[in-house]
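Participant: Sharing a structure here in structure tokens format.
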């Protein structure tokens with residue numbers, strides 16, 4: 001498994017936001033257990049990999065990570081998913097999920113109406129959250145693979161309506177830190193990424 005280590009570092013380092021642990025969890029590489037790993041190679045060089053975790057109660061699999069390196073050609077992620085799906089079908093698996101698509105509106109399910117403050121917070125995240133993570137792109141990628149259905153995922157609370165306090169706690173669980181800390185880290189990483197892009201543009205301009 002040693003050759004896998006360089007690829008995720010290159011992939012995550014090229015992203016502005018700090019990793020959100022329910023979306024990007026590189027630490028699973030150190031404890032693969034019964035996970036399956038699918039590797040993409042180009043001219044003998046590994047350019048990406050996919051990690052899938054079994055879901056015994058549903059006779060299926062969770063595609064937990066899809067990692068591609070900077071040199072990966074377009075379509076690498078899609079080919080990894082295709083290879084995994086074919087392998088699971090041969091096993092007789094009944095279910096495969098690509099995991100969460102946060103803020104997606106594609107799933108049909110019974111919805112409770114949140115409080116006005118929570119609705120405002122969610123509207124703000126939808127409008128500005130792309131600065132921290134490309135939720136729209138993730139949703140579009142999963143939709144492009146044409147899943148048979150979308151399942152709603154619920155956060156359970158004893159409250160009649162979801163409060164900002166509960167939303168804050170959920171954000172902390174997803175981000176792996178208190179939301180203000182996570183946002184600060186995301187802003188710092190985003191600023192560093194912008195600086196790298198600026199240097200690259202200046203370098204290309206002088207090269208001409």
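The values are calculated or read from the model by the stated rules, or taken from the named source; none is laboratory data. Computed from a predicted structure; not experimentally measured. Note that we place each Cβ from the backbone using ideal geometry, even for glycine, and neighbour counts take in every protein chain shown.
Participant: Name the residue that is surrounded by the fewest Cβ atoms within 10 Å (Cβ to Cβ), counting only residues in the range 59-83 that are out of contact with any helix residue (DSSP H, G or I) (no Cβ under 7 Å at 6 or more places or on another chain) and closer than 12 Å to residue 98 by Cβ. Spell out how you get there, then give the answer.
Facilitator: Within the range 59-83, the subset out of contact with any helix residue (DSSP H, G or I) (no Cβ under 7 Å at 6 or more places or on another chain) is 59-60, 62, 71-83.
Restricting the remaining residues to those that are closer than 12 Å to residue 98 by Cβ gives 60, 62, 77-78, 80-81.
Values: 60: 16, 62: 17, 77: 17, 78: 13, 80: 24, 81: 20.
Once the filter is applied, the top-ranked residue is 78.
Participant: Only residues in the range 174-185 that are over 21 Å from residue 100 (Cβ atoms) count as the first member; pair them with residues that are at pLDDT 75 or above and surrounded by 15 or more Cβ atoms within 10 Å (Cβ to Cβ), Cβ under 7 angstrom, at least 6 apart or cross-chain, and list the lot.
Facilitator: Listed by first residue and then by second, the contacts come to nothing, as the list is empty.
Participant: Here's a follow-up. So residue 44 fits all but one of (1) within 18 Å of the chain's Cα centre (by Cα); (2) modelled with pLDDT of 85 or more; what number is the exception?
Facilitator: (1)
Yes/no per residue for (1) modelled with pLDDT of 90 or more; (2) under 25 Å from residue 189 (Cα atoms); (3) in contact with a helix residue (DSSP H, G or I) (Cβ under 7 Å, 6 or more places away or on another chain):
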| residue | (1), (2), (3) |
| --- | --- |
| 90 | yes, no, no |
| 93 | yes, no, no |
| 113 | no, no, no |
| 123 | no, yes, no |
| 128 | no, yes, no |
| 135 | no, yes, yes |
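Participant: What number of residues in the range 48-71 are farther than 16 Å from residue 32 by Cβ and under 18 Å from the mean Cα position of the chain (by Cα)?
Facilitator: Here the count works out to 4.
Participant: Shifting gears a bit: Do you know which of the residues in the range 82-103 that are in contact with a strand residue (DSSP E or B) (Cβ under 7 Å, 6 or more places away or on another chain) and assigned to a helix (DSSP H, G or I) is farthest from residue 53 (Cα to Cα)?
Facilitator: Step one: filter the range 82-103 for residues in contact with a strand residue (DSSP E or B) (Cβ under 7 Å, 6 or more places away or on another chain), giving 83-85, 88, 93-99.
If we keep only those that are assigned to a helix (DSSP H, G or I) as well, we get 83-85, 88.
Numbers: 83: 15, 84: 11, 85: 13, 88: 11 Å.
Taking the candidates together, the pick is 83.
Participant: Same structure again: Quick one: residue 86 ticks every box in (1) surrounded by 14 or more Cβ atoms within 10 Å (Cβ to Cβ); (2) modelled with pLDDT of 90 or more except a single one, so which number is it?
Facilitator: (1)
Participant: Considering (1) without any contact (Cβ under 8 Å) to a residue 60 or more places away in the chain; (2) out of contact with any strand residue (DSSP E or B) (no Cβ under 7 Å at 6 or more places or on another chain); (3) more than 21 Å from residue 139 (Cα to Cα), say which one residue 36 fails and leave the rest.
Facilitator: (2)
Participant: Another one. Note down all Cβ pairs under 7 Å where the first residue falls in the range 140-155 and is surrounded by 12 or more Cβ atoms within 10 Å (Cβ to Cβ), the second is assigned to a helix (DSSP H, G or I), and they're at least six residues apart or on different chains.
Facilitator: Pairs found: 145/81.
Participant: Ok, one more. Suppose the filter is at pLDDT 80 or above and closer than 30 Å to residue 74 by Cβ; does residue 193 pass it? Spell out the reasoning first.
Facilitator: Numbers: at pLDDT 80 or above: no; closer than 30 Å to residue 74 by Cβ: yes.
Spelling it out, it is not the case that residue 193 is at pLDDT 80 or above and closer than 30 Å to residue 74 by Cβ.
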